[in-house]
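The values are calculated or read from the model by the stated rules, or taken from the named source; none is laboratory data. What you are looking at is a predicted structure, and each value in this text was computed from that prediction instead of being measured. Neighbour counts run over all protein chains shown; Cβ positions are idealised from the backbone, glycine included.
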Amino acid sequence: MRRRLLTPAECDRIKKLVETHGPKAAARIAHVAESTITCLKRRDFKPTTLGRKPPPMPADLAIQANHMTVDQMLRHYHVGRDTMRSWLRSIDRAYVPKRESTRRRPAPSREEILAALKTHGGVLGACKHFQCGREVFRRWRRERGIPVAPPLSEAPKRRAAQRDAKAFGWADRYLPGAGT
């Protein structure tokens, strides 16, 4: 269960309640435990502070935030996501922080793709030229409007008759009387 922190205003109210009504009645009125009242007395009715203070916000954060992604700023300032979130909430900005792209490389232009297909001998040569896989290259072709052949798994299957003829031809050669 998460502990509820008392605000300075609540601590002042509890202090006045303890002075007027006593610790037990003050605990009931303020909806806190008697042990909380005891701890507050020890701290002179000051609120608790948890953990360490967050690092101060850098002066150039608003400038950097305009052209860096959140992940880049995290690495640049060496802070965690919660600290970065609080910093970004506190600056007045009229932009949305950019996210890092899931794609590592943009697709080449249509002309570059067509030239690579011609000069490097087809899809595999173009893939080697661009140093990418066939699926990435297919996606690039679709993005640039270049016709794409269906993958081998979607290609039309051989007819059963052709397959059977090949199988029986093999059987006739090596096993006499098996094809009849």
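Numbers below:
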{"quantity": "Output for segment 79-109, where each listed residue is at pLDDT below 60 and farther than 18 Å from Pro58 by Cα", "calculated": "Ala94, Tyr95, Val96, Lys98, Arg99, Glu100, Ser101"}
{"quantity": "Segment 115-148: number of residues that are polar (S, T, N, Q) and within 15 Å of Arg105 (Cβ to Cβ)", "calculated": "1"}
{"quantity": "Selection within segment 15-68 - among the basic types (Lys, Arg), at pLDDT 85 or above and assigned to a loop (DSSP other than H, G, I, E, B)", "calculated": "Arg43, Lys46"}
{"quantity": "Asp71 vs. criteria modelled with pLDDT under 90 and in a helix (DSSP H, G or I)", "calculated": "yes"}
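One line per residue, one yes/no per condition, for (1) within 39 Å of the chain's Cα centre (by Cα); (2) surrounded by 15 or more Cβ atoms within 10 Å (Cβ to Cβ); (3) at pLDDT 70 or above:
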residue	(1), (2), (3)
Glu112	yes, yes, yes
Ala116	yes, yes, yes
His129	yes, yes, yes
Phe137	yes, yes, yes
Glu143	yes, no, yes
Pro147	yes, no, yes
Ala155	yes, no, no
